[in-house]
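J.: I am attaching a structure below and will ask some questions about it afterwards.
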Amino acid sequence: MPTILGQNQYGKAENRVVKITRDGDTHHIKDLNVSVALSGDLDDVHYNGSNANCLPTDTTKNTCFAFAKEYGIESAEQYGIHLARHFVDSQPSIHRARIRIEEYAWERIAASDANSRFIGADEVKHSFVRKGQETRLAQITYSADGDGGAEFEVLSGLKDLTVMNSTNSEFWGYIKDKYTTLKEDYDRILATSLSTWWRHNWTSDEQRMPGWEKSYEQSRKHILQAFVETYSLSLQQTLYQMGSRVINNRSEIDEIRFSAPNKHHFRQDLSFCGLDNEAKDGAVYYAADRPYGLIEATILRDGAEARIPVDMTNL
């Protein structure tokens, strides 16, 4: 045979699962985009077209919706753990399941003081507006070795979290050659749109499972606090401080990887009309969307192994 089969996987991608939980008159929303990828003993379906070991992708789609109803969605991570375990443990031919989830956040719309006069209720608790900030991410991989051993890998993260410091950032002392035109800046805007994944050290039911919702909220909080509290001489320095803050404060996390496009803001040259445009006086900037510097880094707990793929967050 002149060719052989390499890595392969299949499943149903981008299942839009929305679960409404009713707690009396108060409703709660979980809005997920769920992608399933399965791998295992699938050589025959590729070589011969035999589907004997193939769970239909339509079945994986149905399972996503059924599990949301049967077990609810406590968190993206917990829901993904249920799904991944089910696909591997229920199908002898499937040895690995990867569940990748995007979660879209909603927040309640506050009613007016007069809502009871025109709506007939004392308080409205079922109206929401979609949050326009970051998208929450989760990826759960469950692998069985065929000898009774199995292991989870749980990654959490976020993307499109846009942040800005309008001061307390500098950039100077860099290499200069004949192609360098950038001027040193001792008071600049630092802005980026963060994408990040972090890896939990929970791998099996024998360990105490983290509180996934709290872990996400606290990790996000530490990322933002480090961004605020770091006087930045480079975006690389800021990324390292953000990652270190998460790992030092969250014992369940061993690794975090960032991808951060530097959203450049350049002071506009207004000398043509006789105006100074200094940062200390409140400058006017133009925002350049491209090209942009793309800064990436992985921060690890001392002794931990890097396992988050570098191509999960970059271009």
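J.: Between 287, 84, 297, where does the largest GNM mean-square fluctuation fall for the chain, given springs only between Cα atoms within less than 10 Å?
T.: Between 287, 84, 297, it is 287 that shows the largest mean-square fluctuation.
J.: Something else: Could you pull out the pairs from 214/263; 159/263; 178/280; 131/221 whose alpha carbons sit more than 21 Å apart here? Numbers along the way, then the final one.
T.: Numbers: 214/263 30 Å; 159/263 15 Å; 178/280 30 Å; 131/221 17 Å.
Beyond 21 Å: 214/263; 178/280.
J.: Among 261, 92, 210, whose mean-square fluctuation peaks in a Gaussian network model of the chain (Cα, cutoff 10 Å)?
T.: Checking each option, the largest mean-square fluctuation is seen for 92.
J.: Counting only protein heavy atoms, what percent of the accessible surface of region 157-314 is carbon or sulfur at a 1.4 Å probe?
T.: Carbon and sulfur together cover 48 percent of it.
J.: Another question, if that's okay. Explain nothing, just compute: Karplus ³J(HN,Hα) = 6.51 cos²θ - 1.76 cosθ + 1.60, θ = phi - 60°, for every residue of region 73-88 in order, whole Hz, x for Gly and Pro.
T.: Going residue by residue, I get 10, 5, 7, 4, 5, 5, 4, x, 4, 4, 5, 4, 4, 4, 5, 7 Hz, with x marking Gly and Pro.
J.: Using semi-axes √(5λ) of the Cα gyration tensor in Å as the read-out, say which of (i) 41, 30, 19; (ii) 44, 35, 17; (iii) 33, 21, 20 was calculated from these coordinates.
T.: Answer by label: (i).
J.: Moving on to the next point. Gaussian network model of the chain, Cα springs within a sub-10 Å range: biggest mean-square fluctuation belongs to which of 83, 224, 32?
T.: 224
J.: Could you pull the accessible area for residue 63 with a 1.4 Å probe, rounded to 10 Å²?
T.: My reading of the accessible area for residue 63 is about 20 Å².
The values are calculated or read from the model by the stated rules, or taken from the named source; none is laboratory data. From a predicted model like this one, the values you see are computed outputs, not experimental measurements. All accessible areas refer to the heavy atoms of the entire protein, side chains included, with ligands and DNA or RNA removed. Shrake-Rupley method; radii C 1.70, N 1.55, O 1.52, S 1.80 Å.
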